[in-house]
1. Each residue of the range 8-14 in turn: what ³J(HN,Hα) in whole Hz from Karplus with 6.51, -1.76, 1.60 and θ = phi - 60°, glycine and Pro shown as x?
2. For K107, go through the aspartates and glutamates and keep the ones whose alpha-carbon is under 17 Å away, minus same-chain ones fewer than eight residues off.
3. Any idea what the dipole of the range 8-121 comes to, in debye rounded to 20, about its Cα centre with Lys/Arg Cβ at +1 and Asp/Glu Cβ at -1?
4. For the range 5-92, which trypsin sites (Lys or Arg not before Pro) pass both filters: DSSP loop (anything but H, G, I, E, B) and at most 15 other C-beta atoms within 10 Å?
5. Between 0 and 90 degrees, rounded to the nearest ten: what's the tilt of helix 52-61 against the longest Cα principal axis of the chain?
6. Rounded to the nearest 500 deg cm²/dmol, what is the calculated helix-only ellipticity per residue at 222 nm for the chain, with -39500 (n - 2.57) per DSSP H run of length n ≥ 4?
7. So for the range 1-90, averaging the separation of alpha carbon pairs under 8 Å that are six or more residues apart and normalising by length, what relative contact order in percent results?
8. Taking a cut-off of 16 Å between Cα atoms, list the aspartates and glutamates near K32, but don't count ones fewer than 8 places away on the same chain.
Amino acid sequence: MTKLIFKLQDLDNVTAVIQQYFEGLHQGDIKKLDAIFHAEAVLKAPGMRRTKSQWLDLVSSRQTPESQSADFNYRILSVDVVNHQAMVKLYCPLFEHHYIDFIGLLKEDGQWRIVNKMYDDL
């Protein structure tokens, strides 16, 4: 018999954070994104590292997919939740790119926050 290693509510809460992430990306809403990222989150791509504030500055300075009438085609590809940690694999089409994001989350003080984002273009 397998022990249940997460609560279904945690899975729901993680997917709600990811939905807010998708909406924030699509709308360029840095307040929405800021709320779901831990203050010390790091964003990483091959050959590139950014702090959360550097990334939010970039998001705020570019056009948004929504303003370009881009389709909302973001997808959760997989979710793993183990106790107070989660890893989510995402498909994020942004502009001419097709990113695969690996989003690491931790549940601290009762809230799920993104602590790490790794991504690369297909």
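What follows is calculated from the coordinates using simple rules that are stated; it is not laboratory data. Source: prediction; values computed, not measured. As a convention, Cβ positions derive from the backbone with ideal geometry for all residues, glycine included, and neighbour counts pool all protein chains shown.
1. Per residue, the Karplus-derived 3J(HN,Hα) values read 4, 4, 5, 4, 4, 5, 5 Hz.
2. Within the straight-line cut-off, K107 pairs with D10, D12, D34, E40, D80.
3. For the range 8-121, the charge dipole is close to 260 debye.
4. When the trypsin sites (Lys or Arg not before Pro) of the range 5-92 are filtered for loop state and at most 15 Cβ neighbours within 10 Å, K7, R62 remain.
5. 40
6. -9500 deg cm²/dmol
7. Relative contact order comes out at 28 percent.
8. E23, D57, E66
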